[in-house]
Every structure is written in structure tokens, then in C-alpha cells.
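Here's the structure, in C-alpha cells; my notes come after.
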Amino acid sequence: MPSARSELVAAASVAVEGSRVRAHTVVDPDEVYLAGHFPGLVVFPGVLFIDTLQQAVAAGFGDVRLVALRSVRFVAPVVAGDGFEVDAEVTEADGVLTARADCRRRSDGELTTRLHAEFERR
């Protein structure tokens, strides 16, 4: 199943260094997916952190699909106008790519999300 977000907003940049992938993006307050995602405080939807991780893994390892989300912890919000960076270490065993990632706000480096996900190549 293709990523819905990849049609809306792709990661601004992705860097791959061996088993480490990094992606960053800026949350545009005018994006349609933010409409009403909390009135009074526009918060980047958590599912899109997962999508950004998938984009980063795909940049480094080819087209992939999410097969398991082992854990996700949202610890601080990213709001409209903020940027964030995904920094993931990816390992492969038995055909499964395992990504452990931290997402941090670019403005202050604060941890916003921690993810542990598994992907397989398409």
C-alpha cells in the first residue's frame, strides 16, 4: 500500500550512511492534513512520523512496507511551523528490516517521538 503522505509532503531531505538513515521535514501550517488536528494548537499527526520513517528506510534500502510497529512513544509535540529530524539505525535479519528511530525537533533538539518498526522489501 503506498504511503498517503508521500503524495502530500515528502521528507525535505534524506541522508543514508551505511545502516543509519536521517530524514528531516518542516511542518507546513497550510497542509490539508493539519486542518482541525487540534484546534488552537495545530499538532503534527503522529502517524506521519511513522510515514517519514518509512520514507527514510525506503531511501536507504529500497521500496519497503511496514509489517510491524513494535513500539511508538510520543513524548513532545511538533506543531505547525516546526521542523523535525528522524534519525534511525536499521538492521536486517531474515528478510526483515528493523528500524529504531528517534525524532527530534530541529529548533531545540528535543526528543518528540521514539519508534521501533519492522519493514520488508516489496
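A short reminder: the numbers here are calculations on the coordinates, not readings from a lab. Keep in mind the model is a prediction, meaning the values are calculated, not measured. Counting neighbours? That spans all protein chains shown, and the Cβs are built from the backbone with ideal geometry, glycine included.
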Please pick out the residue among Thr113, Thr25, Thr91 that is among the hydroxyl-bearing types (Ser, Thr, Tyr), touching a Ser or Thr at 6+ places or on another chain (Cβ under 8 Å), surrounded by 13 or more Cβ atoms within 10 Å (Cβ to Cβ) and at negative phi. Thr25
If you scan region 94-110, which residues turn out to be within 18 Å of Arg73 (Cβ to Cβ) and either crowded, with 21+ Cβ neighbours inside 10 Å or polar (S, T, N, Q) (or both)? Thr98, Ala99, Ala101, Cys103
Go through region 71-108 and give me each residue that's part of a loop (DSSP other than H, G, I, E, B) and either aliphatic (A, V, I, L, M) or more than 19 Å from Val43 (Cβ to Cβ) (or both). Val75, Ala76, Val78, Ala80, Asp94, Gly95
Going by what's in this entry, would Ala76 be described as among the aliphatic types (A, V, I, L, M), surrounded by fewer than 17 Cβ atoms within 10 Å (Cβ to Cβ) and in contact with a Ser or Thr (Cβ under 9 Å, 6 or more places away or on another chain)? yes
Residue satisfying all of: in region 45-67; in contact with a helix residue (DSSP H, G or I) (Cβ under 9 Å, 6 or more places away or on another chain), in a strand (DSSP E or B) and among the aliphatic types (A, V, I, L, M); nearest to Ala101 (Cα to Cα) among these: Leu66
